[in-house]
Structures are given as structure tokens and as C-alpha cells.
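See structure below.
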Amino acid sequence: MKFKWAFRALLYRIFNYKIKAIYIGKPINIKGFQRIRLDNGVGIYPGSRLEVQKKMKLKIGENTRIGHLFFVDASSDVTIGANCTFSSNVFISTAIYDWENIRFNGFKNSEIASKPVIIGNNVFIGINSVIFPGVTIEDNVVVGANSIVNKDLKKETIFYNEVKSIFR
């Protein structure tokens, strides 16, 4: 059990032998590892969790760095461009509940839909950020800390959530 992460990293290197300089920290939880493509120079730091469902793909471009406790739920395709940086505790989701169905039938009988997430090149995602299903983030975008991205971001944008009110 201790060396599960090392075994997964070794298998990834064996099956993707052309890739050089990949860093995969320990521990890391990977589900659907044969559907993940990492380009040269990718760094995934400890505590990350990559879950790729059947028939879906996760592609991470070259020289991308993924911080601690990164979590991606790829119920649909997720594409991350080159030279991106993800701070700690970033969550990317592609799954959506059908709320109308849940309202009438409850969670147990509801179906989960999914929408792909596309992140362009040279993107920075700040700590504790969440990226919702169906979002496209174009090239050269900065997403500030504690942000919730639920709409597409055009290229060369700086995005952050502003606290509008304080509740006591």
C-alpha cells in the first residue's frame, strides 16, 4: 500500500516512455490512468487526485505545474494547455446533477450529466479555486484565489471573485 504511488508513476513512465522530466509527488490518487496523457515537463504535487471516468480523457500540456490537493473529476473530457500553473486545492468538475429530476425523484434516482472543461495555455489558477462544468478558459488568463469560475473566460483576462457582502 505504501508504494502504490510509486508503482503507478513507474507504469506511467513505462507506457509513455517518450516523456521526460515528469514529476509525480506522493501520495497521488489516479483513477482511469490509461486515459490520462501528460506531456513533457508536467509536475503533479502530493495529495492530488485525478479521476477519469470510462471513455473520457484528461490531457495536461507540457510544463504545467499542479499544486498540492488538486482534484479533477473528469466525467467528461478535460483539456489543460501548456505552461499552466494550478495553486493548491484547486477543484475541476465536469459533472452536473439534473436538479429538476432530483427535485421530483431524489438523488438516488437522478442521473449525472457532464460537460467538458477546456483550459488554454499560460493560465494561472489561484489557491482554493473551483472550475465548474462546461467552462472554457482561453489563453493567458489569471484566476485569483478563492474564485468560482462558472462562465467562460476570454483570453488575457484577470478574474477574481469579489466579496460583496458579509453575513453575521
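The values are calculated or read from the model by the stated rules, or taken from the named source; none is laboratory data. Being a predicted model, the structure only gives us computed values, none of them experimental. Cβ placement follows ideal geometry from the backbone for every residue including glycine, while neighbour counts extend to all protein chains displayed.
Overview of values
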{"read-out": "Any hit, the range 92-102, residues being surrounded by 16 or more Cβ atoms within 10 Å (Cβ to Cβ), of a type in the set (Gly, Ala, Ser) and modelled with pLDDT of 95 or more", "value": "no"}
{"read-out": "Whichever residue in the range 1-47 is modelled with pLDDT of 65 or more and of a type in the set (Val, Ile, Thr) and, among such residues, is farthest from Phe91 (Cα to Cα)", "value": "Ile22"}
{"read-out": "Hits in the range 48-76 (condition: of a type in the set (S, T, N, Q), touching a Gly at 6+ places or on another chain (Cβ under 8 Å), under 19 Å from Val135 (Cβ atoms) and at pLDDT 90 or above)", "value": "Thr64"}
{"read-out": "Residues satisfying the stated conditions in the range 61-89, i.e. hydrophobic (A, V, I, L, M, F, W, C), in a loop (DSSP other than H, G, I, E, B) and in contact (Cβ under 8 Å) with a residue 40 or more places away in the chain", "value": "Ala82, Cys84"}
